[in-house]
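Undergrad: Next up is a structure, given as structure tokens.
The values are calculated or read from the model by the stated rules, or taken from the named source; none is laboratory data. Everything quoted here is computed from the prediction, not taken from an experiment. FYI the Cβ positions are ideal-geometry reconstructions off the backbone, even for glycines, and counts take in every protein chain you see.
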Amino acid sequence: MDDLSQEHWEKIYATRAPDAVSWYRAHLETSIALIERAACGRPASIIDVGGGESTLADDLVERGYENITVLDISQIALDVTRKRLGARAEKIRWILADVTQADLPEQSFDVWHDRAVFHFLTSKEQREAYVRQVARSVKRRGYVIVSTFGPEGPAKCSGLDVVRYDADSLHGEFGESFRLVDSSEELHRTPLGATQQFLYCYCRVE
């Protein structure tokens, strides 16, 4: 795990309430719709990368999904969500790791979901490591849902530079082994009232 990166995110989550970070949304409606489109029933294996304090795990459990994994680089963020879920947290597998370095099981996930992690990977090496993880751990014919800042989104977030994408450039990072099924843009309103453009890409592993 990148200790410097982990330290940065631990500070973010230690000093801001879960509903005060810019990416907070009470319910990730677009993500949920895409997951329900991709998942092959409630036993489908789903990983939420950078799930942290997101409410997505809550909503997936509420909908009856039985095989959920949440990965995040921040122990604080994971602990907040586990506490919020209470006994329901036992239904989820929790992984504390940098996604580019995590030891993920091979050919294990039906659906890979990431909202607002990939755009923080500013080096080619980081992005290549991320894509290798996806290719290794998602089943063939599985689905990959990645959301980043769009072309008109912020250039920085939480004090860090980000990479902004359109559908072609984001899909281009993944390559021919991933077939682009759909893409869409979403305007997200932050807790402080600003608007951020997010891009969603929905791919299938060939």
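Undergrad: Which residue pairs have Cβ atoms closer than 7 Å, lie 6 or more positions apart in sequence or on different chains, and pair a first residue in region 187-202 that is closer than 16 Å to residue 29 by Cα with a second residue that is of a type in the set (A, V, I, L, M, F, W, C) and surrounded by fewer than 20 Cβ atoms within 10 Å (Cβ to Cβ)?
TA: Listed pairs, sorted by first residue: 197/187; 199/167; 201/167; 201/180; 202/181.
Undergrad: Here's a follow-up. Of all residues in region 91-125, which are closer than 17 Å to residue 8 by Cα and not in a loop (DSSP other than H, G, I, E, B)?
TA: Passing the criteria: 96, 118, 119, 120.
Undergrad: Do you know which residues across region 176-206 are assigned to a loop (DSSP other than H, G, I, E, B), out of contact with any helix residue (DSSP H, G or I) (no Cβ under 7 Å at 6 or more places or on another chain) and not acidic (Asp, Glu)? Give the steps one after another, and end with the answer.
TA: First, the residues of region 176-206 that are assigned to a loop (DSSP other than H, G, I, E, B): 176-177, 190-194, 206.
This time we only want the ones that are out of contact with any helix residue (DSSP H, G or I) (no Cβ under 7 Å at 6 or more places or on another chain), so: 176, 190-194, 206.
Within region 176-206, 190, 191, 192, 193, 194 qualify.
Undergrad: Restricting to region 172-204, what's the tally of residues that are buried (at least 20 other Cβ atoms within 10 Å of the Cβ) and more than 15 Å from the chain's Cα centre (by Cα)?
TA: Residues meeting the conditions: 3.
Undergrad: Can you pull out every residue in region 142-164 that is over 21 Å from residue 37 (Cβ atoms), part of a loop (DSSP other than H, G, I, E, B) and at pLDDT 95 or above? Explain how you work it out, then say what you get.
TA: In the first step, residues of region 142-164 are kept if they are over 21 Å from residue 37 (Cβ atoms); the result is 149, 151-164.
Add one more test, that the residue is part of a loop (DSSP other than H, G, I, E, B), and what stays is 151-155, 158-159, 162-164.
Selection gives 151, 152, 153, 154, 155, 162, 163, 164.
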